[in-house]
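For reference, the structure is listed below as structure tokens.
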Amino acid sequence: MNLKITNASLYIYIFEDELGESLLIANGESCANELDWMEDWDVIESQIQDMRLHKYSYNNNFAYRLTFTI
């Protein structure tokens, strides 16, 4: 199996909004603009208390948001 990555970037944002303190990890800077439409993000069920996990994907853009609700 060959894996070739060219011009790869990873964007990490730490912020707080009305949903709580969050960590956003994305492969495209434009994914941060999608935070205004959180209702379009998929909710990933987790057994971890005090944390919510969301996933965004569109074309070749992917992002994960971990929101701490403590």
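For the chain, the convex hull spanned by the alpha carbon atoms encloses 113 Å³ per residue. Between G28 and Y11, F62, the built amide H atoms are under 5 Å apart, and every one of these is 5 or more places off in sequence or on another chain. In sequence order, the range 63-70 has phi-based couplings of 8, 10, 10, 9, 10, 8, 10, 6 Hz under the Karplus curve 6.51 cos²θ - 1.76 cosθ + 1.60, θ = phi - 60°, and Gly or Pro positions carry x. Scalar couplings 3J(HN,Hα) for the range 9-17, obtained by applying the Karplus form with A = 6.51, B = -1.76, C = 1.60 to θ = phi - 60°, are 9, 10, 10, 10, 10, 10, 7, 10, 9 Hz; x denotes Gly and Pro. Per residue, the chain exposes 81 Å² of solvent-accessible protein surface, assessed with a 1.4 angstrom probe and all protein chains in place. Taken along the Cα-to-beta-carbon direction at a fixed 7 Å, the label points for Y13 and I70 span 2.3 nm. Taking I44, I25, I12 as the candidate residues, the one with maximal mean-square fluctuation in a Gaussian network model of the chain, Cα springs under 10 Å, is I44.
The accessible surface of the chain, taken with every protein chain in place and a 1.4 Å probe, is 49 percent carbon and sulfur.
Accessible surface of D17, taken over heavy atoms with a 1.4 Å probe and every protein chain present, rounds to 50 Å².
The values are calculated or read from the model by the stated rules, or taken from the named source; none is laboratory data. Since the structure is predicted, the reported quantities are computational estimates derived from the model, not experimental observations. Cβ sites come from the backbone with ideal geometry, for glycine too, and all protein chains shown count toward neighbours. The accessibility values were calculated without ligands, DNA or RNA, using every heavy atom of the protein model including side chains. Shrake-Rupley method; radii C 1.70, N 1.55, O 1.52, S 1.80 Å.
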